[in-house]
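Colleague: Let me give you the structure first, and then I'll get to my questions.
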């Protein structure tokens, strides 16, 4: 099986691709990974490093990023990948803004990469998201069945197109038709939450029976609560070796003094993990925490934010605007470090309003953290309100602040819901079992049409 991901490693889909590729050999599959890659971010974004231990082929974007136009680099180099998100000034421009000629350059580059990675000899192609990889695969290896793996961001772009695309998306209709055609050619379409089935049917025109639910999960070896020295942990990553960054500045440009960490040691710690994208609603979370923090002591740590990437108001700007106290930027860390951050916290919060799944919720729950999340999409299917966490309405600052107050003020309830969250996550979302589930889907795609239950 060839598992291919156009994006360089930075978001949840890369972690899913890595976990499944690592788990599938136990179910009889030989796996090669093909991924976009960056070598200019101190190792973050380097696919060879990220997928270490697996057979991996990379498409490096270094030449593209150095070019005047990253979508049209000189010398036949691979262009920068498009995005499903519209972030002004980003080198990976939103796909819906790119014309046919740009799309063809993408297809040519990824066709060559697929050919070199052995796509023609594969039994199945496992393509993450719906991207030009699908078009390239249809041209390079038309006889090899394709299993598409939707992660949610592609559906968000399609929904924005259906609602009426922004003025800066002149080629939205063409991309919508491309993506629908790609999905309809796939043998199977993997969705990460049951709620995505109807969205896929409506947006992509695929039959419901070809959609298979395989949730995201966690590595039970890595994601477990451990005893650690909290003071030493937070001092290391916020004072001694900080990774937080200010708009337009580098990792480590936001640092703290030892005396600034008092809130992390004297009260409960809330952890929010993710990129600084608009859908995550981090400014709203900071506003809600500022209100909750006025009544109950505690700290909020924002872990993530790929260096140099943000949409809308940067969290540091939101902290300054609201004068929020005890909010910390911890920066971007390797995925394997997450367990220690979860172990140094008391609860997690995800204010995202359109989260396709919410893998970070499952990972935090596996480490015994109750969750605050929005009662929509994937989080609504993961978090059991009143049992494993708190669910609130989207974009409701007062409801979010009330949930934060409840978490800060009631340690016994935090502990009760955290224990229930750990038990549920380990019973339902461990990667080894989920890799076996995907293996069965791949086998069914390889051997021909059949009903999947």
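Colleague: Looking at 415, 347, 323, can you tell me which residue is at pLDDT 95 or above and under 21 Å from residue 279 (Cα atoms)? Explain how you work it out, then say what you get.
Modeller: Working: 415 fails: under 21 Å from residue 279 (Cα atoms); 323 fails: under 21 Å from residue 279 (Cα atoms).
Criteria check complete, one pass: 347.
Colleague: Name the single residue, out of those in the stretch 91-103 being part of a helix (DSSP H, G or I) and under 27 Å from the mean Cα position of the chain (by Cα), that is surrounded by the most Cβ atoms within 10 Å (Cβ to Cβ). Walk me through how you get there before you give the answer.
Modeller: Step one: list which residues in the stretch 91-103 are part of a helix (DSSP H, G or I), which gives 95-97, 100-103.
Keeping just the survivors that are under 27 Å from the mean Cα position of the chain (by Cα) gives 95-97, 102-103.
Values: 95: 27, 96: 24, 97: 19, 102: 19, 103: 19.
By that ranking, first place goes to 95.
Colleague: Scan the stretch 235-282 for residues that are within 21 Å of residue 317 (Cβ to Cβ) and assigned to a helix (DSSP H, G or I) and jot them down.
Modeller: 238, 260, 263, 278, 279, 280, 282
Colleague: Okay, moving on. Would you mind finding the one in 363, 443 that is surrounded by fewer than 22 Cβ atoms within 10 Å (Cβ to Cβ) and either modelled with pLDDT of 95 or more or not assigned by TED's automatic domain parsing to the domain that holds residue 152 (or both)? I'd like the intermediate steps shown before the answer.
Modeller: Values: 363 fails: surrounded by fewer than 22 Cβ atoms within 10 Å (Cβ to Cβ).
Only one candidate qualifies: 443.
Table: residues versus (1) outside any strand (DSSP E or B); (2) in contact with a strand residue (DSSP E or B) (Cβ under 7 Å, 6 or more places away or on another chain); (3) modelled with pLDDT of 95 or more.
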| position | (1), (2), (3) |
| --- | --- |
| 80 | yes, no, yes |
| 86 | yes, yes, no |
| 89 | yes, no, no |
| 107 | yes, no, yes |
| 127 | no, yes, yes |
| 134 | yes, yes, yes |
| 137 | yes, yes, yes |
| 142 | yes, no, yes |
| 148 | no, yes, yes |
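Yes or no, residue by residue, for (1) assigned to a loop (DSSP other than H, G, I, E, B); (2) within 28 Å of residue 443 (Cβ to Cβ); (3) in contact (Cβ under 8 Å) with a residue 60 or more places away in the chain:
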{"position": "174", "(1), (2), (3)": "no, no, yes"}
{"position": "179", "(1), (2), (3)": "no, yes, no"}
{"position": "183", "(1), (2), (3)": "no, yes, no"}
{"position": "190", "(1), (2), (3)": "no, yes, yes"}
{"position": "209", "(1), (2), (3)": "no, yes, yes"}
{"position": "221", "(1), (2), (3)": "yes, yes, no"}
{"position": "224", "(1), (2), (3)": "yes, no, yes"}
{"position": "228", "(1), (2), (3)": "yes, no, yes"}
{"position": "233", "(1), (2), (3)": "no, no, yes"}
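Colleague: Helices (runs of 4 or more DSSP H) wholly in the stretch 374-453 with at least 1 residues that are in contact (Cβ under 8 Å) with a residue 40 or more places away in the chain and under 30 Å from residue 119 (Cα atoms) - which ones?
Modeller: Values: elements: 377-382, 397-409, 411-428, 431-447.
Ranges flagged: 431-447.
Colleague: Between 317, 295, 287, 259, which is touching a helix residue (DSSP H, G or I) at 6+ places or on another chain (Cβ under 7 Å) and over 24 Å from residue 418 (Cα atoms)? Write out each step before concluding.
Modeller: Details: 317 fails: touching a helix residue (DSSP H, G or I) at 6+ places or on another chain (Cβ under 7 Å); 295 fails: over 24 Å from residue 418 (Cα atoms); 259 fails: touching a helix residue (DSSP H, G or I) at 6+ places or on another chain (Cβ under 7 Å).
From the options 317, 295, 287, 259, the qualifying one is 287.
Colleague: Considering the stretch 150-172 alone, what residues qualify as being in a loop (DSSP other than H, G, I, E, B), surrounded by fewer than 18 Cβ atoms within 10 Å (Cβ to Cβ) and at negative phi? First the steps, then the outcome.
Modeller: Step one: of the stretch 150-172, the residues in a loop (DSSP other than H, G, I, E, B) are 150-152, 164-171.
After this cut, where a residue has to be surrounded by fewer than 18 Cβ atoms within 10 Å (Cβ to Cβ) as well, the list is 164, 166-168, 170.
Within the stretch 150-172, 166, 167, 168, 170 meet the criteria.
Colleague: I'm trying to understand the selection: among the residues of the stretch 326-344, which are in contact with a helix residue (DSSP H, G or I) (Cβ under 6 Å, 6 or more places away or on another chain), modelled with pLDDT of 95 or more and part of a helix (DSSP H, G or I)?
Modeller: Across the stretch 326-344, the qualifying residue is only 342.
The values are calculated or read from the model by the stated rules, or taken from the named source; none is laboratory data. Given the structure is predicted, the values throughout are model-derived calculations rather than measurements. For neighbour counting, all protein chains shown are included, and Cβ atoms are generated from backbone atoms with ideal geometry for every residue, glycine included.
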